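Report on the following structure.
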Amino acid sequence: METKLQTTPYKGTTDTYPQDMLVRNFMFNTWTSVAKRFGFEEYDTPLIEETTLYIAKSGDEIASTQLYNFTDKGGREIAIRPEMTPSLARMIAAKKNELTLPLKWFNIGKYYRYEKPQKGRRREFVQLNVDIFGVPTLEAELEIFQYILAVMEEFKAPKETYELRVNNRYLLNYLFEDILKLSDEKKGKVGRAIDNYTKLGREAFIEYLKELELNDKQVEQVLEFLKWTLEDLKKIADKSEGAAQLLELFAKAKELGLTNIRFEPSIMRGLLYYTGTVIEMFDIGSKDNPRALLGGGRYDDLLTIFGEEKLPAFGFAWGDIVLEDYLKTYNLIPTTKTDTKVFLPLFDTKLYTYIQGIAKQLREKGINTEAQMTAIKFGNQLKYASKKNIPWVMIIGDDEINAKKVQLKNMATGEQNLVTLEEAMKIINS
């Protein structure tokens, strides 16, 4: 018996229909236009890499449980990329001596992770990656902050609905080593606990810390740390590099007039990955989007996996799913219409060549034009243009051809005028 093929996509992936592409392009075009405004350059990497690249740098969770990997026909162990940074580091290591620093690069690409699909997360996702290489000072962080805030302004995001939360890995090291005096093994476990603090709630968090065999004093110290403000950091600025960096960063951000940024001690990110500032941005205006909208940080050590010297780096990743959820929550996606500006009906097959000639002239003037290919009822052609939200219909029959004019119909108002083709083009482009 022949197996019936399914019409649904693979679990955790999605089909993107033309109407969905309009929304997607709105987001991606905004990301791209603002990135170019800031002088970032676009790059790309292969969708597949050798598995060892991700085992070396993506962390145990991704490498052991979330990686889509296989053996190719040549016997090589291959994986579909679950994130960009290892591939980016490989690219830079390959041509490090030829590249002019600083590098300001961005990419919008697809990624795959074998994990449980849930709100804000799928197995297939698109992600914006923005990175700066070669700037060891906090100006790299400030450049990224300004980019993120400029994108939110471009989306017309209400100021009270989002917050960029900032911490520093060196400050966490101060907590782990100087205050709690933890072993290396326990640092990772306590770090994961802190990372889940907001999800767990206070009581469950305390129980979690006790299960990790922290004593009452240590538990109290962790809880106290999670309440720290910038004022508290001033007391330890001479003891903690992380505290000093955070104070300098927020002072410079204030000088630049940057808003919607807050110090948050619970922001953790990858323990083995980041070397300084770490960031996450959240929807703070509703409870509909609990996941971080974006995340990233400073990772100055990454090139060392290729035997290269350290290269200062700061970057972040921003997922398409969480962004779309956020934009929909606040009705920030504009009414999406087709990119087609004009529709040319066809009344009679004998007019096909003439209509195609008009379409060619319109396209040559940069006007996106769709021309009817077969002669059907005019009413059905108008319904088609209306359903696709095409703003203009250019009606051309024998009378219009003899008069060397066209009937230009505004589909929004219903107004229709007999004008020359040149006049029609000016109206459409106005």
Candidate set: region 265-299, residues that are under 20 Å from Lys187 (Cβ atoms) and hydroxyl-bearing (Ser, Thr, Tyr); chosen: the one modelled with the lowest pLDDT: Tyr273
Enumerated strands (runs of 3 or more DSSP E) restricted to region 253-353, each holding at least 1 residues that are within 30 Å of Phe378 (Cα to Cα): 342-344
Criterion violated by Arg90 - all others in (1) under 30 Å from Tyr326 (Cβ atoms); (2) in contact with a Leu (Cβ under 7 Å, 6 or more places away or on another chain); (3) in the same structural domain as Tyr273 (by TED's automatic domain parsing) satisfied: (1)
Conditions (1) assigned by TED's automatic domain parsing to the domain that holds Met281; (2) over 26 Å from Phe263 (Cα atoms); (3) out of contact with any Pro (no Cβ under 8 Å at 6 or more places or on another chain); number of the one not met by Arg123: (3)
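Please give the strands (runs of 3 or more DSSP E) falling wholly within region 12-124 in which 2 or more residues are closer than 30 Å to Leu149 by Cβ and touching a strand residue (DSSP E or B) at 6+ places or on another chain (Cβ under 9 Å). Working first, answer last.
Details: elements: 48-50, 68-71, 77-80, 103-112.
Ranges flagged: 103-112.
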Residue in region 263-285 that is in contact with a Phe, Trp or Tyr (Cβ under 9 Å, 6 or more places away or on another chain), surrounded by fewer than 18 Cβ atoms within 10 Å (Cβ to Cβ) and of a type in the set (D, E, K, R) present: no
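Return yes or no: is Glu400 without any contact (Cβ under 8 Å) to a residue 24 or more places away in the chain, exposed (fewer than 13 other Cβ atoms within 10 Å of the Cβ) and part of a helix (DSSP H, G or I)? If you could, list the steps in order and put the result at the bottom.
Details: without any contact (Cβ under 8 Å) to a residue 24 or more places away in the chain: yes; exposed (fewer than 13 other Cβ atoms within 10 Å of the Cβ): no; part of a helix (DSSP H, G or I): yes.
No; evaluated as a whole, the condition is false for this residue.
May I ask you to list the residues in region 1-42 that are more than 20 Å from Ala317 (Cα to Cα) and among the basic types (Lys, Arg)? Write out each step before concluding.
Of all residues in region 1-42, those more than 20 Å from Ala317 (Cα to Cα) come to 1-11, 14-22.
Of everything in region 1-42, those that are more than 20 Å from Ala317 (Cα to Cα) and among the basic types (Lys, Arg) turn out to be Lys4, Lys11.
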Residue match in region 342-354 (condition: modelled with pLDDT of 95 or more, closer than 26 Å to Phe26 by Cβ, in contact with a helix residue (DSSP H, G or I) (Cβ under 9 Å, 6 or more places away or on another chain) and crowded, with 19+ Cβ neighbours inside 10 Å): yes
Answer from Leu149, Leu142 - the residue that is assigned by TED's automatic domain parsing to the domain that holds Ile267 and closer than 24 Å to Ile92 by Cα: Leu142
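Condition check ((1) touching a residue at least 40 places away in the same chain (Cβ under 8 Å); (2) assigned by TED's automatic domain parsing to the domain that holds Leu22; (3) hydroxyl-bearing (Ser, Thr, Tyr); (4) surrounded by fewer than 18 Cβ atoms within 10 Å (Cβ to Cβ)) across all residues:
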{"site": "Gly379", "(1), (2), (3), (4)": "no, no, no, yes"}
{"site": "Trp392", "(1), (2), (3), (4)": "yes, no, no, no"}
{"site": "Leu408", "(1), (2), (3), (4)": "no, no, no, no"}
{"site": "Thr413", "(1), (2), (3), (4)": "no, no, yes, yes"}
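Anything in region 363-374 that is touching a helix residue (DSSP H, G or I) at 6+ places or on another chain (Cβ under 7 Å) and of a type outside the set (Gly, Ala, Ser)? List them, or say none.
Going through region 363-374, the residues touching a helix residue (DSSP H, G or I) at 6+ places or on another chain (Cβ under 7 Å) turn out to be 365, 367, 369, 371-372.
Selection gives Lys365, Ile367, Thr369, Gln372.
The values are calculated or read from the model by the stated rules, or taken from the named source; none is laboratory data. Remember, it's a predicted structure, so these values are computed and weren't measured experimentally. Every residue, glycine among them, receives a Cβ derived from its backbone with ideal geometry; neighbour counts consider all protein chains shown.
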